[in-house]
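As structure tokens, the structure follows; a few thoughts come after it.
Every number in this text was worked out from the coordinates using simple rules, so none of it is lab data. Just so we're clear, the structure is a prediction, and the values are computed from it rather than from any experiment. Backbone-built Cβ (ideal geometry, glycine too); neighbour counts: all protein chains shown.
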Amino acid sequence: MNKLYGIIGLLTALFLGLGTAEATLSQAEAIRTLKGIRSIPIVVEEVDAEAQAAGLTTSDLQTECELRLRKVGISVPVSGEPVDRDSPYLYVYVNVFPANSGDQYVFNANLEFRQKVGLVRNKSILALATTWNTGTTGVIMRPNLSKVRNSVGNLMDEFANAYLSANPKK
């Protein structure tokens, strides 16, 4: 059991990017960066083959993400259309790793809202940056791996709430 907790701790540190330098925004600042966005393309990173074989598919995650936003009235372009990486988009990725020799898996699900931002010192310099993010980490049994989709759905609800607080319906 201690080995499992050690693995979870190590993976959590890796997923959270400890030791990396990056600018962070307060929650209020991050929410303000969502103001005025009218349509949100969603890019879901391909889930690894083992997770897909266990029932956690990229297409199911894409559908879950799109439905959660559309359900609260947020416009989402039709999936399958190419996403212009110069336009704001929501990036979703799920990592799944075996936790031990049994059927336990550690998962990490993350959402990042990415958009072009400019430097204060030189507004002509633009860069792609994550301006809002959230994530979760957990342990799940292999037969239940498809339920990671529910965790991603909960993260999408969190994003939808942040978006709607920045863009209240009139």
Dipole magnitude of the chain about its Cα centre (Cβ charges: Lys, Arg +1; Asp, Glu -1), debye to nearest 20: 720 debye
If you stretched the chain out fully between THR24 and GLN62, how much longer would it get, using 0.36 nm times the residue separation minus the C-alpha to C-alpha distance? 11.0 nm
Have a look at SER26, PHE113, GLY55 and report the one farthest towards the positive end of the charge dipole of the chain, computed about the Cα centre with Cβ charges (Lys/Arg +1, Asp/Glu -1). SER26
Roughly how many debye, to the nearest 20, is the charge dipole of the range 54-144 about its Cα centre, given +1 on each Lys and Arg Cβ, -1 on each Asp and Glu Cβ, and no other charges? 400 debye
Protection-proxy order for peptides 145-156, 115-126, each taking the mean of Cβ atoms within 10 Å per residue, highest first: 145-156, 115-126
What pairs from LYS71/LYS116; LYS123/LYS169; LYS35/LYS147; LYS123/LYS170 go past 29 Å between their alpha carbons? LYS123/LYS169; LYS35/LYS147; LYS123/LYS170
How far apart, in nanometres, would the label points at LEU164 and MET141 be if each is projected 7 angstrom from Cα along the Cα-to-Cβ direction? 3.5 nm
For the chain, which DSSP H helices look membrane-span-like by this rule: Cα extent along the axis of 15 Å or more and mean Kyte-Doolittle of at least -1.0? 2-16, 148-166
Counting each DSSP H run of 4 or more residues in the chain as -39500 (n - 2.57), what helix-only mean residue ellipticity at 222 nm follows after dividing by all residues, to the nearest 500 deg cm²/dmol? -10500 deg cm²/dmol
Calculate the spin-label point distance for SER75 paired with VAL120, positioning each point 7 Å from the Cα along the beta-carbon direction, and give it in nanometres. 3.2 nm
